[in-house]
Amino acid sequence: MLGFALAGGAAYAVDLGLFVWLRGPGGAGPLTAKALSFLAGCSVAYAGNALGAYRGRARGGRARRFGAFFAVNLAGALVQLACLGFSHYVLGCTSARADVVAGAGVGMALATAVRFWGTRTLVFGSAPHPDGGAADRAGVRAAGEGNRPTWTG
């Protein structure tokens, strides 16, 4: 979990830093700036998770993993936007502080849970067992494979 948090922290710093630069000196509009900073942050998070937190748990090709990772991160971003939108437009909490609490507080917490689950399960799920079977999350053979020695790869 620490590796996931470190990769996420680096991705957040890249996303925020690039967004601020693009909106300021870069002269980009808010949506263009956010789209570009999201892609950069997502790429940093993928690299951090693939090379660090989930190294050795790769499943499928790089393009498939990055596509799945991007989809999981997009789902997390949508969770944050949903929290912000609900608070701002449904509950009527329109102050800047309320937006920060809803989007960067509650939304970020829920989005992080979605991203952690999705990254662990869908992107870097159980690695294939050397003899063709699948290992479960604990790194042991799936149930029903008898009393053979367990694989801890």
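The values are calculated or read from the model by the stated rules, or taken from the named source; none is laboratory data. All figures in this text were calculated on a predicted structure; none of them were measured in a lab. In this analysis, Cβ positions are derived from the backbone assuming ideal geometry, glycine residues included, and neighbour counts consider all displayed protein chains.
Looking at R137, R141, R115, just one residue is of a type in the set (D, E, K, R) and at pLDDT 70 or above, and that residue is R115. Restricting attention to the range 19-35, the residues being modelled with pLDDT under 85 and in a helix (DSSP H, G or I) number 10. Contact annotation: residue pairs with Cβ atoms under 7 Å, 6 or more positions apart or on different chains, pairing a residue in the range 76-88 that is part of a helix (DSSP H, G or I) and modelled with pLDDT of 85 or more with a partner that is among the basic types (K, R) and surrounded by 15 or more Cβ atoms within 10 Å (Cβ to Cβ), are G76/R115. Among the conditions (1) modelled with pLDDT under 85; (2) assigned to a helix (DSSP H, G or I), S126 misses just one, which is (2). When we screen A53, A33, A63 for residues that are closer than 17 Å to G125 by Cβ and more than 13 Å from the chain's Cα centre (by Cα), the only hit is A63.
From the list A111, A71, A5, the lone residue that is exposed (fewer than 14 other Cβ atoms within 10 Å of the Cβ), closer than 20 Å to F124 by Cβ and in the same structural domain as V123 (by TED's automatic domain parsing) is A71.
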